[in-house]
Amino acid sequence: MYDPQQFVARHVAGLPRSGIRDFFAIVSQMKDAISLGIGEPDFVTPWHIREAAIFALERGKTSYTDNRGLLRLRQVLADYIGKNFGMGYKPESEILVTVGVSEALDIALRAVINPGDKVLYHEPCYVSYHPSVTLVHGQAIPVATSAADDFALDPDKVIEAWEPGVKVLILNFPTNPTGGVTDRAKLEKLAKFVIEKDMLVISDEVYAELTYEGTHTSIASLPGMQERTIFLHGFSKAWAMTGFRLGFACGPAPLVEAMMKVHQYAMMCAPILSQEAGVEAITNGAESVAKMKDQYQRRRDYITRRFNEIGLKCHVPKGTFYAFPALPKGFSGTSMDFCQGLLKAEKVAVVPGTAFGRSGEGFFRASFSNSYEQLITATTAIERYVGSLKL
Ligand code: PMP
């Protein structure tokens, strides 16, 4: 009998579906559930940025743009990255505007990975890293981070996990889902190893502005690293612009050129209205970003304090809008069991740590991109649930 499934490529058929999507399909069917599951800001895009998109539309900005993105946007980005991250990129040849960091990550991998090339990445991590490597016929090798280190990446673990054939190291600081960051000294050690083994770094820094402790350091800003790093960033998180689908990649001209070829054939360009809004966000968005960040920080302090009071051991995330507490001591089930139980008993949705890789077992992710009031209600419900477990 005819079966369309037979046409699905093997490496795609073998991909797991995102654990988050499956879980939240159940949540969306539930009435009055409180969700701490979402990976996006609860804020609407600041008005001045929305207005820039509206104004662009009024002016009839409805065309394609240069494949690399509006030159004006690349110019303001170069300036912004210079001032805030310390790297100098040429707008004409070293910056590519993309459809979110999602596209940037995909085309970075497509541009550099040959079948069988190995890619190191730290875990628990953003759900798309491993599948994105599989989709380009690469081999993804996880390096675990742990709660004992506040989920910073230990360079020695990377050195241990390295094997011949490793071409790329994917980094994401601050990290989704743990809120972990890795300090400058550790980054320097990592950079030394990356240079020694002649690797390339793909660094996803989409949460950089949402760093609450100290200042964010990009590995690309370290000596000898700008030329071997593809720096990825975007507007979704700090500027609350997920629906605009706007990101960018910066790196050495030959790599950006290679990525541009993939982007040109697959995507053509990022939407012009989003790019016009992006110019406004970068040029005049600092105050809006700071206001949202203050809110996140207040919520972070509250939710981590409450989790620890409840007996869910939780480090204070140094960045992002995610808390990543441990399951209560004595709970014998999996993180999925805990999350399903909580959802059933209290209609509060959090994400099992295993959605972010095997090393996420024993934890769950709770997003604090929710109102303070909702966080009070949710943590009270979680407290009731943990109490009911009689551990
Ligand atoms: N990287 C990380 C670490 C993320 O958490 C996300 C979104 N959840 C993305 C990339 C994708 O971002 P974008 O909306 O820019 O595609």
Q: Please work out the Cα center distance from region 130-154 to region 63-110, rounded to the nearest Å.
A: 25
Q | Formal net charge of residues neighbouring Val262 (Cβ-Cβ distance under 15 Å; K, R +1; D, E -1) | A | 0
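Given N residues in the chain, what is Rg(Cα) / (2.2 N^0.38 Å)?
0.99
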Q. What is the gain in length, in nm to one decimal, between Met1 and Arg305 on full extension, counting 0.36 nm per residue of separation less the C-alpha to C-alpha distance?
A. 103.6 nm
Q | region 171-245 and region 253-293: distance between their alpha carbon centers, rounded to Å | A | 17
Q: Quick one: compute the contact order of region 296-340, relative version, from alpha carbon pairs under 8 angstrom and 6+ residues apart, as a percent.
A: 30
(Q) If I model a spin label as a point 7 Å beyond the Cα along the Cα-Cβ vector, how far apart are those points for Gln75 and Gln340 in nm? (A) 5.7
Q: Please find the FRET efficiency linking Phe55 to His11, where r is the Cβ-Cβ separation and R0 is fixed at 45 Å, and quote it to the nearest 0.05.
A: 0.55
Q. How far is helix 100-112 tilted off the main Cα axis of the chain, in degrees rounded to 10, range 0 to 90?
A. 60
**Q.** Computed [θ] at 222 nm, deg cm²/dmol, the chain (DSSP H ≥ 4; -39,500 (n - 2.57); rounded to nearest 500)
**A.** -13000 deg cm²/dmol
Q | Candidate lysines - alpha carbon under 22 Å from Lys90, same-chain residues fewer than 8 apart omitted | A | Lys261
Q. How high is the FRET efficiency from Ser93 to Arg184, r the C-beta distance, R0 22 Å, rounded to 0.05?
A. 0.20
Q | region 155-216: relative contact order in percent, alpha carbon pairs under 8 Å with at least 6 residues between | A | 43
Q.
Exceeding 19 Å between C-alpha atoms, which entries from my cross-link table qualify? They are Lys157/Lys192; Lys157/Lys197; Lys237/Lys291; Lys237/Lys344.
A. Lys237/Lys344
**Q.** Relative contact order [Cα under 8 Å, 6+ residues apart], the chain, whole percent
**A.** 23
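Bear in mind that the values in this text are calculations on the coordinates, not laboratory data. In this text, all values refer to a predicted model and were calculated from it rather than measured experimentally. Using ideal geometry, Cβ is built from the backbone for each residue, glycine included, and neighbour counts are taken over all protein chains shown.
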